[in-house]
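Just below is one structure, and these are the notes that go with it.
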Amino acid sequence: MRIAFVTDTYLPEVNGVTTVLRVIRQSLAARGHDLLFLAPGYPDGEAEDDRVVRRRSVPCPRYPAVRLSSPFGPDVFRALDRFDPELVHVVTEGPLGAIGRRYAIRRARPLVTSFHTDFPRYAAHYLGAWAEKLARRYLRRFHAPAVLTQTPSAASRDELVALGLPRAVVWGRGVESDRFTPTRRSTARREALGAAGRVIVLHVGRLAVEKDPDVLVEAFRLAHEIVGAEALFCVAGDGPRGPALRRALPFARHFGFLARDVLADLYADADLFVFPSATETCGLVTLEAMASALPVVSADRGGVLENMRDGINGMVVPAGDGRRFAEAIVALIRDVPQRAAMGQAARAFAVGRDWDREISELERMYREAIANGLLAVDHPMEWEAAPPTGEALRDGPIAGR
């Protein structure tokens, strides 16, 4: 199959979307498929790669790690025409995603889209409740032409169906259980961290307002007040709230973004994982922690709940309640047998979410989408008067032109 992926975030940026795309690329290429990626350029530049077409980008206001590219210009269509994809997979709903969507409709190619990020709730966090309704309307229009809209949890799939997107499906819940494994644990590294005889309590994630960093701060502070030197609190990741969080948690070790193998070592060396975000479609880092045999303390909302078995592979506490998070952390620090049993259950659960099965399912979805041909164009955007056909499909009005 020849598949074009269009995404507003790509390596070297570190996030859940780029992690999934890296796995998709490696796995599908190994299975003999021809792939092209349309992605933003980054200021530090990237190694030459004839499978990636980079588009000039600028930093997003208030969040410079995110890059924005212009949704206009004929160069993208020319690059995609040269590749001649059988299917277009639009991974994100940003400016580049809009180009990919427009290309698939104009060229009458099957369109698959992804819903990785809960933008309506993010919009409410950043702009206020008024923005959530607008974001939901945009998402409904953006994904409407797709043969399939993939999302990594049943909870987010059900929300998309309720939004008016009946072709939403669950896909993307894999974890690299051979990379994230407790066998990487190192006594020497733990001693170098100053964690000999102590419990390492770890958080990994993007440090932004929608991830509830204030809850993490409250939980770590309260737990630290109780356990003192019994535990070492660690934070890996960065983002707009990174500086504030480092000031608020001076007793913690802060690592910033880590390379994948270094991160896998840190997971393996840790003893307990804490993840307060209530806006996840999946919470990939929780699966990585579980694969590393860490019990997880998570919020009781979002797609992360599909990974949680409360009291078995971790503890689920009310979202936004830092005190309850702290209580769960302290309980697991001090109950060694329970922590060990939960860690074993977490590893067993994560191994069942290996990527190989997910990639086989992805192949099946793509083949069916290609076989169904023009199914996507039978579902026009809300502002289009009638379903486009023939020449109208290729040249008619498309949102975002």
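The values are calculated or read from the model by the stated rules, or taken from the named source; none is laboratory data. None of these values were measured; they are calculated from a predicted model. Glycine also receives a Cβ, built like all others from the backbone with ideal geometry; neighbour counts cover every protein chain displayed.
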Among (1) modelled with pLDDT under 75; (2) not in a loop (DSSP other than H, G, I, E, B), which single condition is H89 missing? (1)
Leading residue by the ranking (farthest from Q26 (Cα to Cα)) among those in the stretch 151-175 that are more than 14 Å from the chain's Cα centre (by Cα) and in a loop (DSSP other than H, G, I, E, B): G164
Looking at the stretch 193-279, what helices (runs of 4 or more DSSP H) fall wholly within it and have at least 3 residues that are under 20 Å from A340 (Cβ atoms) and not assigned by TED's automatic domain parsing to the domain that holds L11? 260-269
Looking at the stretch 307-361 only, could you name the residues that are among the β-branched types (V, I, T) and part of a loop (DSSP other than H, G, I, E, B)? I312
If I go through the stretch 93-117 residue by residue, how many of them are polar (S, T, N, Q) and crowded, with 24+ Cβ neighbours inside 10 Å? 2
I want to confirm something. Restricting to the stretch 325-370 and keeping residues that are of a type in the set (V, I, T) and under 19 Å from V20 (Cβ atoms), which single residue is modelled with the highest pLDDT? I359
Here is a check on your reading of the model: is L294 assigned to a loop (DSSP other than H, G, I, E, B) and within 20 Å of S177 (Cβ to Cβ)? yes
For D395: the one exception among (1) modelled with pLDDT under 95; (2) surrounded by 15 or more Cβ atoms within 10 Å (Cβ to Cβ): (2)
Only residues that are part of a loop (DSSP other than H, G, I, E, B) and surrounded by fewer than 20 Cβ atoms within 10 Å (Cβ to Cβ): list them for the stretch 178-192, please. D178, R179, T181, R185, S186
Only one residue in L249, L258 is touching a helix residue (DSSP H, G or I) at 6+ places or on another chain (Cβ under 6 Å) and either surrounded by 24 or more Cβ atoms within 10 Å (Cβ to Cβ) or aliphatic (A, V, I, L, M) (or both), so which one is that? L249
Just for the stretch 36-53: of the residues that are at pLDDT 90 or above and more than 21 Å from the chain's Cα centre (by Cα), which one is surrounded by the fewest Cβ atoms within 10 Å (Cβ to Cβ)? R51
Of the candidates G174, G197, G164, the one satisfying the condition of being small (G, A, S), surrounded by fewer than 22 Cβ atoms within 10 Å (Cβ to Cβ) and in contact with a helix residue (DSSP H, G or I) (Cβ under 7 Å, 6 or more places away or on another chain) is G164
Mind telling me which of the residues G97, G73 ends up being part of a loop (DSSP other than H, G, I, E, B), of a type outside the set (A, V, I, L, M) and touching a strand residue (DSSP E or B) at 6+ places or on another chain (Cβ under 9 Å)? G73
Suppose we keep only residues that are of a type in the set (A, V, I, L, M, F, W, C) and surrounded by fewer than 19 Cβ atoms within 10 Å (Cβ to Cβ) within the stretch 325-348. Which one would you say is nearest to R173 (Cα to Cα)? A348
Among the residues in the stretch 121-130, are any modelled with pLDDT of 75 or more and buried (at least 16 other Cβ atoms within 10 Å of the Cβ)? no
